[in-house]
């Protein structure tokens with residue numbers, strides 16, 4: 001078991017990239033709004049460890065005390081309400097952001113809405129993933145452990161570029177079976193209702209023999225020949241993104257029975273990578289780029305996701 005942060009122990013490049021992405025989010029966004037979002041997410045995710053973590057911005061005690069009742073409390077101004085409305089919808093059901101709070105919140109936050117929603121990704125998904133790792137490795141873990149690099153980002157650092165470095169670092173983790181990774185990617189895509197993600201197929205998974213009947217199924221766990229590792233991974237996806245990221249002791253035991261420590265960190269990190277789809281879903285820019293059939297993708301040795309043509313398939 002690692003003594004502290006499992007990312008730092010088993011995926012140090014991911015650890016460094018995540019800390020950088022968080023630092024850049026702080027440099028690009030109103031810190032007081034981020035602190036409100038961080039603490040509200042901790043409440044939604046029942047994340048007690050985060051409530052005592054290093055603050056991302058200043059927040060007076062009265063507002064912190066009244067945070068759960070922000071819609072009716074007179075302590076919060078229009079910008080804070082706008083940020084909190086998006087935060088709650090992003091965490092609870094991201095598919096409802098576009099038709100719910102996005103328009104009203106954007107009218108209040110203006111150009112800041114883009115950087116704020118990008119920051120919500122590392123705040124929300126980071127907390128979910130760290131809760132999972134804390135349960136899997138039996139260690140206390142909060143954003144104090146994963147969101148603060150040795151040197152803070154400079155204000156001119158590009159937020160999207162930092163996020164792409166994080167996704168690339170995770171993409172370079174390639175120990176897990178490609179069929180398993182494709183199954184959990186698609187399960188997360190369905191939970192978040194990402195249209196493009198559901199229209200994509202992994203070349204590596206197809207070349208490894210993945211069956212389209214299995215990949216397109218809304219209930220792949222019902223296939224009798226699936227290994228126990230896949231069933232445990234499905235339950236991990238559901239726990240991470242279908243609720244407050246609570247892993248039961250029974251699920252932790254099953255996951256440890258199927259994966260070693262390095263694989264567990266890769267699996268949780270890969271789920272975090274895939275959940276970047278919450279950003280385009282929130283803005284309604286997740287349309288499929290193919291009108292029929294599938295878009296074929298590979299993750300290359302550098303961790304980059306590339307769209308390729310059907311000739312990349314060796315099994316037809």
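Would you confirm whether any residue within segment 150-157 is in contact with a helix residue (DSSP H, G or I) (Cβ under 7 Å, 6 or more places away or on another chain), modelled with pLDDT of 95 or more and either under 30 Å from residue 264 (Cβ atoms) or crowded, with 22+ Cβ neighbours inside 10 Å (or both)?
The answer is no; no qualifying residue exists.
Looking at the structure I just gave you, is residue 276 within 29 Å of residue 311 (Cα to Cα) and more than 19 Å from the chain's Cα centre (by Cα)?
Here the answer is no, as residue 276 does not meet what is asked.
Any idea which residue in segment 200-215 is surrounded by the most Cβ atoms within 10 Å (Cβ to Cβ), counting only those that are in a loop (DSSP other than H, G, I, E, B) and in contact (Cβ under 8 Å) with a residue 12 or more places away in the chain?
Ranking the candidates gives 210 first.
Is it fair to say residue 312 is modelled with pLDDT under 95, crowded, with 18+ Cβ neighbours inside 10 Å and touching a helix residue (DSSP H, G or I) at 6+ places or on another chain (Cβ under 7 Å)?
No: the conditions fail for residue 312.
The values are calculated or read from the model by the stated rules, or taken from the named source; none is laboratory data. These numbers were taken from a predicted model, which means no experiment stands behind them. Backbone-built Cβ (ideal geometry, glycine too); neighbour counts: all protein chains shown.
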